[in-house]
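Presented below is the structure to which this report refers.
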Amino acid sequence: MRRPFIAGNWKMNLDRAGAVELASAIAAKAADYGHVELAVFPPTIYIEAVRDAVAGTPLGYGAQNVYFEPKGAFTGETSTAMLIDLGCDYVILGHSERRHILGETDAEVNQKVHAALAAKLVPIVCVGELLAEREAGTTGDVIRRQFDGSLAGLSAEQMQQVVIAYEPVWAIGTGKVATPEQAEEVHKDLRKIMADRYNITVAEAVRIQYGGSVKASNAAEILAQENVDGALVGGASLQADEFLGIVACVSR
């Protein structure tokens with residue numbers, strides 16, 4: 001059985017004191033939800049402060065991005081070794097904001113996935129369609145292209161170490177949210193893609209989160225879907241009560 005995984009992507013928000021306060025508030029309640037894997041993703045500059053705030057609790061933490069080269073003249077970038085040095089367990093890769101605002105390609109995401117896996121980091125790999133693609137009926141094609149490009153060259157064993165996050169771009173930060181049926185349809189399609197590339201065992205093992213304006217008020221119905229294994233939460237993860245309200249929607 002796949003363990004539910006709820007993650008909070010704080011994006012470029014908070015200051016040091018706010019990050020520590022938020023992490024501490026979530027960590028204080030994390031043990032109440034032992035059936036759920038929990039992690040937060042602060043801005044890189046605050047990872048160390050968050051590490052110290054959650055020490056000794058079940059709350060995990062990670063980074064919002066990483067570079068694929070081990071070291072060198074890459075101004076402003078962060079290596080996997082640096083994240084490991086900070087105690088990170090996870091890294092978010094290929095988020096739509098990096099794809100569509102910063103121009104990150106599937107090939108670049110793929111390089112980062114391989115680097116993360118080599119460093120024993122768990123990559124949360126994001127896929128999702130634009131509103132125009134949804135309206136054109138090409139969601140399935142977009143998801144398959146992003147999956148094939150971003151996750152190329154992985155063995156079956158490596159694939160089972162990956163978490164996928166389906167984030168429809170039109171639902172991120174807009175207040176819109178995919179219906180439970182829309183989310184389930186794409187998650188089910190992703191399992192079919194994995195079954196076709198690998199086998200049913202791999203397809204059933206990989207966890208797929210939903211992301212896109214997830215809130216405590218809409219989480220229960222989405223998380224109840226058979227192929228939805230958790231959520232990658234954006235804005236709602238910046239409030240401890242709201243984030244924990246989402247976690248509370250995960251059935252035991």
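The values are calculated or read from the model by the stated rules, or taken from the named source; none is laboratory data. The structure displayed is predicted, hence computed values, not measured ones. Positions of Cβ are backbone-derived with ideal geometry, glycine not excepted, and every protein chain shown enters the neighbour counts.
Some values worked out for this structure:
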{"quantity": "Filter result (under 16 Å from Ile124 (Cα atoms), of a type in the set (D, E, K, R) and not in a helix (DSSP H, G or I)) within the range 150-194", "calculated": "Glu167"}
{"quantity": "Matching residues in the range 82-97 - criterion: being out of contact with any Asp or Glu (no Cβ under 9 Å at 6 or more places or on another chain) and in a loop (DSSP other than H, G, I, E, B)", "calculated": "Cys88, Asp89"}
{"quantity": "Every residue from the range 29-49 that is assigned to a helix (DSSP H, G or I) and not acidic (Asp, Glu)", "calculated": "Lys29, Ala30, Ala31, Tyr33, Thr44, Ile45, Tyr46, Ile47, Ala49"}
{"quantity": "Residue in the range 91-113 that is over 26 Å from Trp170 (Cβ atoms), surrounded by fewer than 19 Cβ atoms within 10 Å (Cβ to Cβ), of a type outside the set (Lys, Arg) and in contact with a helix residue (DSSP H, G or I) (Cβ under 8 Å, 6 or more places away or on another chain) present", "calculated": "no"}
{"quantity": "Candidates Ala248, Ala205, Ala152 - the one that is in contact with a Phe, Trp or Tyr (Cβ under 9 Å, 6 or more places away or on another chain), among the aliphatic types (A, V, I, L, M), more than 16 Å from His95 (Cβ to Cβ) and in contact (Cβ under 8 Å) with a residue 40 or more places away in the chain", "calculated": "Ala248"}
{"quantity": "Residue in the range 37-59 that is hydroxyl-bearing (Ser, Thr, Tyr), closer than 18 Å to Leu117 by Cα and within 18 Å of the chain's Cα centre (by Cα) present", "calculated": "no"}
{"quantity": "Test: Glu226 is more than 20 Å from Ile92 (Cα to Cα), of a type in the set (D, E, K, R) and assigned to a helix (DSSP H, G or I)", "calculated": "no"}
{"quantity": "Counted residues, the range 195-204 - those being surrounded by fewer than 17 Cβ atoms within 10 Å (Cβ to Cβ) and either assigned to a loop (DSSP other than H, G, I, E, B) or among the hydrophobic types (A, V, I, L, M, F, W, C) (or both)", "calculated": "3"}
{"quantity": "Qualifying positions in the range 45-75 - surrounded by 15 or more Cβ atoms within 10 Å (Cβ to Cβ), of a type in the set (Val, Ile, Thr) and farther than 16 Å from Glu21 by Cα", "calculated": "Val66"}
{"quantity": "Unmet criterion (only one of (1) over 20 Å from Val40 (Cα atoms); (2) buried (at least 18 other Cβ atoms within 10 Å of the Cβ)) for Ser213", "calculated": "(1)"}
{"quantity": "Any hit, the range 121-135, residues being within 17 Å of the chain's Cα centre (by Cα), over 20 Å from His187 (Cβ atoms) and either at pLDDT 95 or above or buried (at least 17 other Cβ atoms within 10 Å of the Cβ) (or both)", "calculated": "yes"}
{"quantity": "Test: residue in the range 50-68 that is assigned to a loop (DSSP other than H, G, I, E, B) and among the hydroxyl-bearing types (Ser, Thr, Tyr)", "calculated": "yes"}
